[in-house]
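One structure is given here, and the rest of the page talks about it.
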Amino acid sequence: MEPVLAIVIGSLYAAGLYLMMRRNLVKLVIGLVLLSQAANLLIFTAAGLRSKHAPLVPPGEAQPVGDFADPLPQALILTAIVIGFGVIAFTLALFHRAYQVIGTDDLDEMRATDT
Amino acid sequence: MLLSVISGFVLACLAPWLQRVVGRGAGAVLATVPLGMFAYFLTFIGRIADGEVFHEQWTWAESLGVRLSFYLDGLSLLFALLITGIGTLIIFYAGTYLHGHEFRGRFFAWLIAFKAAMLGLVLADNIISMFIFWELTSITSYFLIGFDHHRKVARDSALQALLVTGGGGLALLAGLILMASVGGSMELSTLLNSGDVFREHALYVPILLLLLAGAFTKSAQFPFHFWLPNAMEAPTPVSAYLHSSTMVKAGIYLMARVSPAMGGTELWMILLSIFGGTTMVIGAYLAIQQVYLKRILAYSTISALGVLTFLLGLGASGAPGDAELSIYAAKAFGVFLLGHALYKATLFLVAGTITHETGEKDVTKLGGLSKAMPLTAIAGVLAALSMAGFPPFFGFLGKELLFEATLAQPSLVGVMTGATVITGILFVIVSCLVALRPFFGHAKETPKHAHEAPFPMWIGPALLAITGLLIGLLPAALGEPLIAPVVASVLGLDEPVELKLTLWHGINAALILGTIVLSVGVLAYFGHRYIMAVLGKVDFLLRIGPAMWYEKALAGMLDFASLQTRILQSGYLRMYLMLTVATTVGLVSYSLFQISEFSIIPEIPPTDQWGHLLYENLYTLIVAGLILTGTYGAVHSKSRLTAIAALGVVGYGVALLYIIFGAPDLAITQFLIETLTVILFVLVFYHLPEFPKISRPRERMRDLFVSVTAGVMMTIMVLLATGIEPREKVSDFHSAHSVDLGHGRNIVNVILVDFRAMDTLGEIVVLMISAIGVLALLKLKSRSKGEKV
């Protein structure tokens, strides 16, 4: 299934970057979200889709049984999702504030530092 | 030796404070330290003359082969004596010269720091520490030239000197590193004893050219000479110290230092004698056309540096048969080096005293000062006689040996001797100009009424001039112990050579030439005005000189800088982003193309299994379709709310993928976060206007192209990455020990809160900071509501 996921990741990157290059503020933030989704999926897929079983140790056993998905990339991505959310929340607050002060959502009009 | 270098830097740091505490006598107090070092280095003369060398070593960055190691032989000793001896007199002199100057403390700090760096340079054995001291002399020189920083000329000249010598310094660094890699050591003392290793190596030519680029810029050889006259913007003590007797000789020192390993080849001889010869003639020729005292001296210094380079070209140990010849030239080099340092520093100081006392720097407006300032006049005249080459001064000896060295050459005797004769005649004119014209003849009106200079300002020049006379009178007793080890160092000989320095050689060709030069020179001085009138007509040659190329290169560089800033630093966020993405795509694609052993084309399963595969992966395909649809919607939608909803679809789709591929924890988190994100988006962007289409179609096509290229590259990268199966995984340990070490059955959770708990703590910190940031932004809003924004 990797080729399918590879295409999904590529499309998410393309869409995210394209949106970030727009002049509109909202599109920039949407692009940022898409980009972080793409990055998470990239780590997930690149680490190898070994199995569809969750990395859990069954009760009574000392070690996981049979094949199971790699737990480490999952732990990394979990951290990334949460931090990504922190970044998005901060960006949204920042842009909200910028819009209030400058009165535009056109990034090309946000070139001066002294507004 | 380490102490002598380090103490200089410490003293430099203390100098401004000392200046405040001691006040008027700060120069005298500060001068005691170099005086002590001078005495310390004097004690080495006997042992060095017996052929000893001294090593000292301290570890610095051992793993890089960088050591703070010092090496003292004849060449370093002569330089160390000049640096500390002249340094003492200069600091003493400067204390009075700059009396009452606002930034006297700062001046002392830079001057003493320079002295320490210069001392480090000539003593250093490790090439990296030598390079660092080399650059330190350039930097301190920059601050000293630009000391009168309120004048633009001074600042420009300082920058010019820094750029020219700094550029050469880079070449030098490259040359030294190449040398170290060829010679297999970072220590000069080892490299220089490696025989013909360098001369026979394939990299000989690049190494030589790089080293010479460093030496020629530092020592103001044609065509890099133009920065030195401009450096005369510095206060006179600086010119006397840095730009006549020490710093500009660093390049000479370097060439003399490496000559046992690098010298003696045909290329060495040709380059050094051509550049040195050209510099000596052009420098002297330009010197007699100047009217300002310091500029006359500056050009004559360039000429003298040319002489030294020229002599080094002739006097390197070449083929065994030429031993006699090279000793001649090396002997002349040593004598000329010492002689020049003595008389040129004197003349600079005398020039500084004249200008200080009269307020006039134009020689044509000076005259008859010998009555007002007899002591300064005596020092000046003694030094000038030495420079002109009158017996029994040391300068006479230097000139004799120079003629002997050129006369003994196997080929091109005519050209070389001719060049030295012309230089000699011009030198006579220069010495008359700077020492006769201001002191004798009719007294002229000057801006200030002339008086004899105070003690600190005449003692220095007087001592130096008298030393020149004494060594000239007793060359065998005073000159030989210093010069003989220098000759040995330059030629790379283990044993000191016997020099037999005497004033009287009998009547020979060199003596006759010397007499002719003196008489023609004195005559030419009296006809100076007519000569100047003729030379004035060919002046245009100067205007197309290398200084113009420097100006053009500087202007071109600034233009290029503003051009590339205009392109790269447009101020538009999307332009920055596009450049970053395009660069990344370019570089990553390049490396991806280098990987050939992995195939990105997946194996196509046999046709009869297609149905089975489709059934098995049905969910994945449906979710993938969902994500792609959502992505398309987010990009294409004109409505804000639709775009946000589409974003939610993408997020939920990704969460479903996590479920399918065995990551329920991720899925739960993703669902939660995605929901929060969508709510936040709606809350924040609810008030914003609809998306207007503000970009032009051409821009959209360009951005689309860049982003699609990046997407394709990422796809290829994922396909490549999934083809690699690591042999050993870190997570194998985590899985095996989740229960017994972490006491948890959900391995992902155990990793997060146990194995990698510090990462999670970091994550929490990031979230906290972000939350505080959001809070601050919202608070800011409520407070500034009433204000006009």
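Here are some notes:
- Test set (1) more than 7 Å from chain A (Cβ to nearest Cβ); (2) within 58 Å of the chain's Cα centre (by Cα) - B:VAL635 fails condition number: (1)
- Meets criteria (at the interface with another protein chain (Cβ under 7 Å from one of its Cβ atoms) and under 18 Å from B:GLY651 (Cα atoms)) for A:GLN74: yes
- Counting only residues that are within 14 Å of A:LEU76 (Cα to Cα), facing chain A (nearest Cβ under 7 Å) and of a type in the set (D, E, K, R), region B:724-774 holds 3 of them.
- Residues (open to solvent by 10 Å² or more (accessible area, probe 1.4 Å) and touching a residue at least 40 places away in the same chain (Cβ under 8 Å)) located in region A:41-62: A:LEU49
- Pairs where the first residue, in region B:21-49, is outside any helix (DSSP H, G or I) and the second is open to solvent by less than 60 Å² (accessible area, probe 1.4 Å), C-beta under 6 Å, 6+ apart: B:PHE44/B:LEU77
- Hey, B:SER695 more than 7 Å from every other protein chain (Cβ to nearest Cβ), open to solvent by less than 60 Å² (accessible area, probe 1.4 Å) and small (Gly, Ala, Ser) or not: no
- Failed item, numbered, when B:GLY167 is tested on (1) outside any helix (DSSP H, G or I); (2) farther than 17 Å from B:ILE127 by Cβ: (1)
- Counting only residues that are free of Cβ contacts under 8 Å to residues at least 40 places away in the same chain and either of a type in the set (S, T, N, Q) or open to solvent by less than 10 Å² (accessible area, probe 1.4 Å) (or both), region B:375-416 holds 1 of them.
- Note on region B:468-581: enclosed helices (runs of 4 or more DSSP H) holding 3 or more residues that are open to solvent by less than 50 Å² (accessible area, probe 1.4 Å) and in contact with a Pro (Cβ under 7 Å, 6 or more places away or on another chain) are B:480-491.
Here's the yes/no breakdown for (1) at pLDDT 85 or above; (2) touching an Asp or Glu at 6+ places or on another chain (Cβ under 8 Å); (3) part of a loop (DSSP other than H, G, I, E, B):
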site	(1), (2), (3)
B:LEU338	yes, no, no
B:THR364	no, no, no
B:ILE378	yes, no, no
B:VAL381	yes, no, no
B:SER386	yes, no, no
B:PRO391	no, no, yes
B:GLU404	no, no, no
B:THR423	yes, no, no
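- B:THR669 out of contact with any strand residue (DSSP E or B) (no Cβ under 9 Å at 6 or more places or on another chain) and either more than 10 Å from every other protein chain (Cβ to nearest Cβ) or part of a loop (DSSP other than H, G, I, E, B) (or both): no
- Among the residues making up region B:343-374, those that are buried (at least 24 other Cβ atoms within 10 Å of the Cβ) and either among the hydrophobic types (A, V, I, L, M, F, W, C) or not assigned by TED's automatic domain parsing to the domain that holds B:LEU426 (or both) are B:ALA345, B:LEU347, B:PHE348, B:LEU349, B:VAL350, B:ALA351, B:ILE354, B:LEU369, B:MET373.
- Of all residues in region A:1-40, those satisfying the criterion of being farther than 23 Å from A:HIS96 by Cβ, assigned to a helix (DSSP H, G or I) and in contact (Cβ under 8 Å) with a residue 24 or more places away in the chain are A:GLU2, A:LEU5, A:ALA6, A:VAL8, A:ILE9, A:LEU12, A:TYR13, A:ALA38, A:ALA39, A:ASN40.
- Of all residues making up region B:615-660, the number that are open to solvent by less than 60 Å² (accessible area, probe 1.4 Å) and outside any helix (DSSP H, G or I): 3
- Test: residue in region B:589-599 that is within 30 Å of B:THR722 (Cβ to Cβ), part of a helix (DSSP H, G or I), at pLDDT 85 or above and in contact with a Ser or Thr (Cβ under 9 Å, 6 or more places away or on another chain): yes
- Of the residues in region B:182-190, at least one is in a helix (DSSP H, G or I) and under 21 Å from the mean Cα position of the chain (by Cα).
- The set of residues in region B:700-715 being more than 7 Å from every other protein chain (Cβ to nearest Cβ) and either surrounded by fewer than 17 Cβ atoms within 10 Å (Cβ to Cβ) or part of a strand (DSSP E or B) (or both) consists of B:ARG700, B:MET701, B:ARG702, B:PHE705.
- Applying the criterion of being open to solvent by less than 100 Å² (accessible area, probe 1.4 Å) and not in a helix (DSSP H, G or I) to the residues of region B:600-614, the residue that is modelled with the highest pLDDT is B:PRO606.
For every residue, the table says whether it meets (1) among the polar types (S, T, N, Q); (2) facing another protein chain (nearest Cβ under 7 Å); (3) under 22 Å from the mean Cα position of the chain (by Cα).
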| position | (1), (2), (3) |
| --- | --- |
| A:ARG23 | no, yes, yes |
| A:ILE30 | no, yes, yes |
| A:THR45 | yes, yes, yes |
| A:LEU56 | no, yes, no |
| A:ASP70 | no, yes, yes |
| A:ILE83 | no, yes, yes |
| A:GLU109 | no, no, no |
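- Counting only residues that are in a loop (DSSP other than H, G, I, E, B), in contact with a Leu (Cβ under 9 Å, 6 or more places away or on another chain) and in contact (Cβ under 8 Å) with a residue 40 or more places away in the chain, region B:191-219 holds 3 of them.
- Index of the failed condition, A:ARG50 passing every other in (1) at pLDDT below 85; (2) within 7 Å of chain B (Cβ to nearest Cβ): (2)
- Exclusive hit being touching a residue at least 60 places away in the same chain (Cβ under 8 Å), surrounded by fewer than 17 Cβ atoms within 10 Å (Cβ to Cβ) and among the hydrophobic types (A, V, I, L, M, F, W, C), set B:LEU64, B:LEU77: B:LEU64
The values are calculated or read from the model by the stated rules, or taken from the named source; none is laboratory data. Computed from a predicted model, the values in this text were never measured in an experiment. Cβ: placed from backbone, ideal geometry, glycine included. Neighbour counts: every protein chain shown. These area figures cover heavy atoms from the full protein model, side chains too; ligands, DNA and RNA do not enter into them. Shrake-Rupley method; radii C 1.70, N 1.55, O 1.52, S 1.80 Å.
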